[in-house]
Ligand code: LFR
């Protein structure tokens, strides 16, 4: 029996997806979530006038296409939810119109601003009040960059909408601020559970543009009559899901009771664990951990690791030079390459910006007196082994911070289709890796819609449904490889 149909939009840095979820109940009462992708579209950073932007109206266009398609294909979603990457936003003027194109978080405008803001406020204070790892793209630095550039948009703004909220606004006309995204700004005080208006005043950021956060699982409102007419669809309702994609993914981790470690694996690698309260200690700051708000008011103690971005950029370079090579081929080549030939620190700042990635990997190896990887296979192997070792490092630090020991690690997200990476991760950790589900963000998005609809009442129940609906593959470390991994880990730590 069909209990409910939902529509999830999951927008990532390189593509967007629309998926239909159907909550089914068997005669014995067993429930299952069935998921089907109905639309997929590319998403690109677009450079103009020295800035990098998102093409937000193109994304809206593709989302509208997906809504129409859902109904044309006979689905009847009751609600929809949107999740995207963190930190980015649009500014809305007094007439309700968007002021300019939202900046892409890799826009170079924030270069050097972390140091400047730390100079004004102090590092400990910033961490204590914002809970986040110091990343150049955090909303705080983007807004401060606009202030420094005397951006007229900032003065004309009457509200700030983070990307998923902006898209919800375009479709429903309702302006909201969803909590999990709010906590990626570094302007939200997790301990006080309020916007940090004092800090905003200090940096010349207008505090009046921020709306009071609402929590995942809240109903927002229906598609506007214009949108319904344009698409010829009934007025389905938007739900505030855990709109930060990472938090949606964490909501779908098929973990049982008790502390668990996870890795959300995509363009970024987010390695973390769920806590009831933020952990804003000096140690957490020293090890570069963030506290990001999650579904049901939880906090995620997590670390942003540069992730598969480095490999994606290398692949883009090869593709553009006419050497078109699929991810599957790359993984296959890498699995045949000589292990542990050279390693990088994936979080070295040089890897953050786009372009020249192959050369950046090579120069890192040259500067650290390692063999310089030449072939695609060698470069891909180097990146993946380095990521796996980075995961071990982060997991060990996390154990120190929380005092918990983790028996293994859940891996979710698109990156787990890279089976070599899962295998290498299990090897590096010397612990099992439980991989799945792949579409974690979209599934977590759907789960919070089901919470809003009253079909799930807790995170535990949502995760149970995830576990019952999607396969998980276990990767066990090979005992015989433990020594070589330990040696590689020692070598890796020398690079940090
Ligand atoms: C992952 C993610 C990370 C965030 C980064 C930039 O997609 O949302 O959590 O730090 O993108 O927004």
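Taking 1.567 mPa s as the viscosity and 4 °C as the temperature, the Stokes-Einstein diffusion coefficient of region 297-368 based on its alpha-carbon Kirkwood radius rounds to 93 µm²/s. Here r is the Cβ-Cβ distance between residue 230 and residue 368 and R0 is 45 Å; the resulting FRET efficiency, rounded to 0.05, is 0.20.
Under the classification rounded if a/c is under 1.5, otherwise prolate if a/b is larger than b/c and oblate if not, where does region 146-251 fall, given a ≥ b ≥ c as square roots of the Cα gyration tensor eigenvalues? List each step's numbers first, then the result.
Numbers: a/c = 2.65, a/b = 1.48, b/c = 1.79.
Oblate, because a/c is 1.5 or more while a/b does not exceed b/c.
Quick note on region 205-313: its Rg to Rh ratio, both from C-alpha atoms and Rh being the Kirkwood radius, is 1.08.
Each of the peptides 281-294, 451-464 was scored by the mean count of other Cβ atoms within 10 Å over its residues; in descending order, highest first, they stand as 281-294, 451-464.
Between region 298-330 and region 91-106, what is the separation of their alpha carbon centroids in Å? With region 298-330 and region 91-106 each reduced to a Cα centre, they are spaced 29 Å. Contact order for the chain, expressed relative to its length and based on alpha carbon pairs under 8 Å spaced 6+ residues apart, stands at 15 percent.
Shape index of region 252-325: Rg/Rh, with Rg the Cα radius of gyration and Rh the Kirkwood radius from the inverse mean 1/r over Cα pairs, equals 1.15. Peptide packing for 325-333, 216-224, 394-402 was compared via the average number of neighbouring C-beta atoms within 10 Å per residue; ordered from the highest value, the list is 216-224, 394-402, 325-333. The listed peptides 199-208, 43-52, ordered by packing as a protection proxy, come out as 199-208, 43-52 (highest mean of other Cβ atoms within 10 Å first). Each principal axis of the Cα cloud of region 201-253 was taken in turn, and the coordinate range along them, longest first, works out to 48, 34, 15 Å.
DSSP beta bridges confined to the chain are antiparallel in about 75 percent of cases.
According to the square roots a ≥ b ≥ c of the eigenvalues of the Cα gyration tensor, what is the shape class of region 330-370, taking rounded for a/c under 1.5, prolate for a/b larger than b/c otherwise, and oblate for the remainder? It comes out oblate by the Cα gyration axes. Helical runs (DSSP H, four residues minimum) scored at -39500 (n - 2.57) apiece and divided by the length of the chain put the mean residue ellipticity at 222 nm at -12000 deg cm²/dmol. Can you bin region 2-240 into rounded, prolate or oblate? Criterion: square roots of the alpha carbon gyration tensor eigenvalues sorted a ≥ b ≥ c, rounded for a/c under 1.5, prolate for a/b above b/c, oblate for the rest. Judged from the Cα gyration tensor, region 2-240 comes out prolate (a/c at least 1.5, a/b above b/c).
Pairs of Cα atoms in the chain fall into 20 Å distance bins, from 0 up to the last occupied one, in shares of 24, 58, 18, 0 percent. Remark: region 1-141 projects, on average over all directions, an area of 12.4 nm² (convex hull of Cα atoms).
In whole angstrom, note down how far apart the Cα centers of region 1-70 and region 149-212 are. Computed from Cα coordinates, the inter-centre distance equals 24 Å.
Kirkwood analysis of the Cα pair distances in region 422-485 returns a hydrodynamic radius of 13.5 Å. Extent of region 325-464 along its three principal axes (Cα atoms, max minus min coordinate, largest first): 57, 38, 29 Å. With Rh defined as the Kirkwood radius, the inverse of the mean 1/r over Cα pairs, the Rg/Rh of region 451-496 is 1.37.
Throughout, read-outs are computed from the coordinates displayed, never taken from laboratory work. All figures in this text were calculated on a predicted structure; none of them were measured in a lab. As a convention, Cβ positions derive from the backbone with ideal geometry for all residues, glycine included, and neighbour counts pool all protein chains shown.
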